[in-house]
Amino acid sequence: MSSASSANKGDGKEAALFEEQLSKIGVVRAALGQISGKEALYCSDASIARYLVARNWDVKKATKMLKKTFEWRSAYKPDEIRWDEIADEAVTGKIYRTDYFDKSGRSILIMRPSCQNTKKAKGQVKYLVYCMENAILNLPHGQDQMVWLIDFAGFSLSNISIKVTKWTAEVLQGHYPERLGVAILYNAPKIFESFWKMARTALEEKTFNKVKFVYPDRPDTNKIMEDLFNMEELECAFGGKNQATFNINEYAAKMREDDNKMPLFWSPENSLLASEPYVMNKDMPQEGSSGLKTEETASEKREETDIESENREEIESESEREETEVVSGKREETKTESGKRKEACQEKV
């Protein structure tokens, strides 16, 4: 068989698969019934496809997942969160969106666990949701994913909580499927390994595979950064050449500008949002991918827990108790080291 014939055959298979996937998007849309307002805007072909990919193109499971997102967005109202509601969470620069994108045009969220400045799980998750909505608002046309850059400088186990991590995973995997392109864990210390072993149980297989560990003293992992980012734009904390630091006043002004854009983004006139087309991604797992049975089983179990349930306050209380236990029983730094970490956060501000 000639190479031209092989190519044509391959193109034919891809075309058939694309048509099959478009058909499944239509089946999900029909199963949702009459929808209007923000739900109709939310359900572009590309958006429905993300839910289908998250459920291995199982129409029933994707429809169920999407309906749960409708319920969650109706109750939580993530697109209505405004800067002044979460500004206290942001002052140390523990999470912020960069002004630059990666080489694929994806929004970038920088996270610094050592700059954690609050105890309430409710506030921490609300701020992350705000950041996710803001990152989506600023995605270039034709791009639907983002990158997380997690800086472990000054990290200690007291900065994080298993409970908050699980709650966060439920929200992100349940209501923002396929929005994460890659998560870079930069220079994670040895003490993080024990937490990671516990935290990974909350992650679906697809999400886990998007996590990359990078260490500045290892050229093989540094290549990940060079392949993903323009090093002139990337901040020096991640091996780039950009000397800029986080400034809360400048960032607050930028976020307030975006707050004004958000209602327009979710207005009925935003045809770009509603008509976002599905483009088959050859890199995305297709039907029959390995490891999905385990992922779906774990995911279905997680679906039984919703952050709008009556147990929300109990989760917060347990999270706060766990943080206290970590601080008292697992902290591996002295008061002097803790003070240095706080000073480092202040310098970044």
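Heavy atoms only, 1.4 Å probe, whole protein assembly: order Cys236, Cys115 by accessible area, highest first.
Cys236, Cys115
When the convex hull of the Cα atoms of the range 122-243 is projected onto a plane and the area is averaged over all directions, what value comes out in nm²?
Value for the range 122-243: 8.4 nm².
Among the listed pairs Lys122/Lys190; Lys190/Lys212; Lys119/Lys212, which have their C-alpha atoms separated by more than 21 angstrom in this model?
Lys122/Lys190; Lys119/Lys212
Compute for the range 12-115: radius of gyration divided by Kirkwood radius, i.e. Rg/Rh, restricted to C-alpha atoms, rounded to two decimals.
So for the range 12-115, dividing Rg by the Kirkwood Rh gives 1.08.
How far apart, in nm, are the 7 Å Cα→Cβ label points at Arg82 and Leu264?
In this crude label model, Arg82 to Leu264 measures out at 1.7 nm.
Rounded, prolate or oblate: which fits the range 172-265, taking a ≥ b ≥ c as square roots of the Cα gyration tensor eigenvalues, rounded meaning a/c under 1.5, else prolate when a/b beats b/c?
Because a/c hits 1.5 or more and a/b fails to exceed b/c, the range 172-265 counts as oblate.
Which of the peptides 217-224, 127-134, 244-251 is most tightly packed, and how do the rest follow, judged by the mean count of other Cβ atoms within 10 Å per residue?
Final packing ranking: 127-134, 244-251, 217-224.
Spin-label point model (7 Å from Cα, Cβ direction): what's the Arg256 to Lys60 distance in nm?
About 5.2 nm, to one decimal.
Find the centroid of the Cα atoms in the range 20-47 and in the range 145-205, then give the distance between the two in whole Å.
When both Cα centres are located, 30 Å separates them.
Which entries of Lys68/Lys94; Lys77/Lys120; Lys38/Lys210; Lys64/Lys261; Lys126/Lys166; Lys166/Lys197 have Cα-Cα distances beyond 24 Å here?
Lys68/Lys94; Lys38/Lys210; Lys64/Lys261
Please report the net charge: other residues with Cβ closer than 14 Å to the Cβ of Pro263, K and R +1, D and E -1.
Its environment carries a net charge of -2.
Just the ratio, please: alpha-carbon radius of gyration of the range 15-60 over 2.2 N^0.38 Å, N its number of residues.
Output field value: 1.12.
Given H placed 1.01 Å from N in the peptide plane, which residues other than close sequence neighbours of Leu149 have an amide H under 5 Å from its amide H?
Excluding prolines and chain starts, which carry no amide H, the hits are Leu109, Ile110, Met111, Ile184.
For Lys190 and Glu19, FRET efficiency with R0 = 35 Å and r from the beta-carbon atoms, rounded to 0.05?
After rounding, the FRET efficiency stands at 0.10.
Starting at 0 and stepping by 5 Å, how many percent of the alpha carbon pairs of the range 66-158 end up in each bin?
Calculated P(r), rounded to whole percents: 3, 13, 20, 22, 20, 14, 7, 1, 0.
From largest accessible area down, sort Lys190, Lys119; use a 1.4 Å probe on the protein chains.
Ranked from most to least accessible, the order is Lys190, Lys119.
The values are calculated or read from the model by the stated rules, or taken from the named source; none is laboratory data. Keep in mind the model is a prediction, meaning the values are calculated, not measured. Using ideal geometry, Cβ is built from the backbone for each residue, glycine included, and neighbour counts are taken over all protein chains shown. With ligands, DNA and RNA removed, areas are computed over all heavy atoms of the protein, side chains included. Shrake-Rupley method; radii C 1.70, N 1.55, O 1.52, S 1.80 Å.
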